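Undergrad: Quick one: the structure is below, and I'll ask about it shortly.
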Amino acid sequence: MENITKKFTPNHKDLIRKIKAHKVLGHKIVCTIGSWDMLHIGHLRYLNNAKSYGDVLIVGVDSDRGIKSYKGPLRPIIPEKERAEMLSYQDCIDYVTLVDDIDKKGNWQYGIIKDLPIDIFVAVEGNSYTEEQKKMIAKYCKKLSVIPRQALNTSSTDIVQNVIKIHLLDQVKSKKNKKIKKK
């Protein structure tokens, strides 16, 4: 458990200090950010792939507040501290930190990448980041690498939607069966 608590660094000033020490040692710093809700094989493949871009992988975990702003009031499913802890158990990850720098409109303010000396920011292709966000990431990081989704048939959103659909279908069937029995 001690190694896990060393990985989770919610205080960005502490993280900056640690990353600057890695830079002195000549390490290449990689960063990625996401919600990591309902952790699945695509996430794990993605994180292992991201680690291959450098020596130190920092993973930002979007706060519950941030996720609600872009995925709606029913998300996240897993609370932020538990998502951060789950990621801390992954060998490919060196540091995990919370990302909660959104303005009142829910727009990311890029704090973590403005403050840290990041060599490569890894993002997934698709609609996770707008073109404007990609430009801002490229402005603050030496390089932006966009990689393909690592699981074409699995996503947290799909998992949640399928569970809800199954539950709703069960509810409808149950009500139909009750009506039939009453007749």
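Residues are listed down the side, and each one gets a yes or a no for (1) polar (S, T, N, Q); (2) out of contact with any Phe, Trp or Tyr (no Cβ under 9 Å at 6 or more places or on another chain):
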{"position": "17", "(1), (2)": "no, yes"}
{"position": "35", "(1), (2)": "yes, no"}
{"position": "45", "(1), (2)": "no, yes"}
{"position": "61", "(1), (2)": "no, no"}
{"position": "78", "(1), (2)": "no, no"}
{"position": "100", "(1), (2)": "no, yes"}
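Undergrad: Among the residues that make up the stretch 90-106, is at least one of them farther than 24 Å from residue 148 by Cβ and under 11 Å from the mean Cα position of the chain (by Cα)?
TA: Within the stretch 90-106, one or more residues are farther than 24 Å from residue 148 by Cβ and under 11 Å from the mean Cα position of the chain (by Cα).
Undergrad: Identify, by number, the condition in (1) part of a loop (DSSP other than H, G, I, E, B); (2) out of contact with any helix residue (DSSP H, G or I) (no Cβ under 8 Å at 6 or more places or on another chain) that residue 13 doesn't meet.
TA: For residue 13, the failing item is (1).
Undergrad: Could you tell me how many of the residues in the stretch 107-146 are under 27 Å from residue 14 (Cβ atoms) and over 15 Å from the mean Cα position of the chain (by Cα)?
TA: Final tally of qualifying residues: 21.
Undergrad: Moving to a separate point now. Which condition number in (1) surrounded by 14 or more Cβ atoms within 10 Å (Cβ to Cβ); (2) in a helix (DSSP H, G or I); (3) not acidic (Asp, Glu) is the one that residue 139 fails?
TA: (1)
Undergrad: Then there's this: Please state which of the following conditions residue 23 fails to meet, knowing it meets all the rest: (1) at pLDDT below 95; (2) within 19 Å of residue 121 (Cα to Cα); (3) surrounded by fewer than 20 Cβ atoms within 10 Å (Cβ to Cβ).
TA: That leaves (1) as the condition not met.
Undergrad: Still on this structure, please answer the following. Could we say that residue 17 is over 25 Å from residue 106 (Cβ atoms) and among the charged types (D, E, K, R) here?
TA: Considered against the rule, which asks whether it is over 25 Å from residue 106 (Cβ atoms) and among the charged types (D, E, K, R), residue 17 comes out as yes.
Undergrad: What number goes with the only condition from (1) part of a helix (DSSP H, G or I); (2) under 19 Å from residue 15 (Cα atoms); (3) within 12 Å of the chain's Cα centre (by Cα) that residue 66 does not pass?
TA: Residue 66 satisfies all of (1) part of a helix (DSSP H, G or I); (2) under 19 Å from residue 15 (Cα atoms); (3) within 12 Å of the chain's Cα centre (by Cα) except (2).
Undergrad: If you don't mind, another one. With assigned by TED's automatic domain parsing to the domain that holds residue 61, under 25 Å from residue 22 (Cα atoms), assigned to a helix (DSSP H, G or I) and modelled with pLDDT of 65 or more as the only criterion, which of 87, 98, 144 stands out?
TA: Answer to the check: 87.
Undergrad: Something else now. I need the full set of residues from the stretch 91-119 which are under 11 Å from residue 57 (Cα atoms), out of contact with any Ser or Thr (no Cβ under 9 Å at 6 or more places or on another chain) and surrounded by 15 or more Cβ atoms within 10 Å (Cβ to Cβ), in order please.
TA: Correct list: 93, 94, 118, 119.
Undergrad: Report yes if residue 78 is under 21 Å from residue 29 (Cβ atoms), at pLDDT below 95 and either of a type in the set (S, T, N, Q) or in contact with a helix residue (DSSP H, G or I) (Cβ under 8 Å, 6 or more places away or on another chain) (or both), otherwise no.
TA: no
The values are calculated or read from the model by the stated rules, or taken from the named source; none is laboratory data. Just so it is clear, the model here is predicted, and its values are computed rather than measured. No Cβ is skipped: glycine too gets one built from the backbone with ideal geometry, and neighbour counts run over all protein chains shown.
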